[in-house]
Amino acid sequence: KWLAKTVGVSDAIVDGAKASIKKSKLQEAAEIGQEAHRQIQAELDIAFPGTKSEVRVELPSGKKVRKDAKLPDGTFVIIKPDTPSGHRSAAKRVKLMNDNNYKVQVIFYDPQNTRWLPGSPMYIGPKAMK
């Protein structure tokens, strides 16, 4: 009995540690994604003055979606990580927009690139803006 209880406690500790690591990785991925979006949106505005970031679009069905940017020519921009899940997500969003007759461009970023990390000379995130 004592051994079974010890194993049960150990399993709970290991499971808790795994969940904590997963949460930490997800949080890091979100922070990298936010920084990539900030930098890419800023670059789009320089390259295409008048670009709008974080645009809400109401589709003919009444469904509301958010796109990462809208270029002055009306093209909507989707920014995603260059990962299998990023490509799947982008494909779904492109299909939705194309099915509703919107022009779309996808920009993929490398989530491993250090330019998206705090402390990078290119970092423009909230901590650098204060």
Problem set entry | Equivalent ellipsoid semi-axes, the range 46-130, via Cα gyration tensor eigenvalues times 5, rooted, Å | 26, 17, 11
Exercise. How far is the Cα center of the range 50-70 from the Cα center of the range 76-130, in Å?
Worked result: 15 Å
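Do the alpha carbons of any pairs in Lys64/Lys103; Lys52/Lys80; Lys25/Lys52; Lys80/Lys103; Lys25/Lys63 sit beyond 27 Å of each other, and which pairs? Don't jump to the answer; show the numbers that get you there.
Working: Lys64/Lys103 16 Å; Lys52/Lys80 17 Å; Lys25/Lys52 30 Å; Lys80/Lys103 17 Å; Lys25/Lys63 31 Å.
From Lys64/Lys103; Lys52/Lys80; Lys25/Lys52; Lys80/Lys103; Lys25/Lys63, over 27 Å: Lys25/Lys52; Lys25/Lys63.
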Exercise. Lys25 label point, 7 Å along Cα→Cβ, cut-off 20 Å on backbone N: hits in the range 82-104?
Worked result: 82-89
Exercise. Mean projection of the alpha-carbon convex hull of the range 50-89 over all orientations, in nm²?
Worked result: 3.5 nm²
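Where a number appears in this text, it was derived from the coordinates with a stated rule and is not lab data. Only a predicted model underlies this, so the values are computations on that prediction, with no experimental measurement involved. Backbone-built Cβ (ideal geometry, glycine too); neighbour counts: all protein chains shown.
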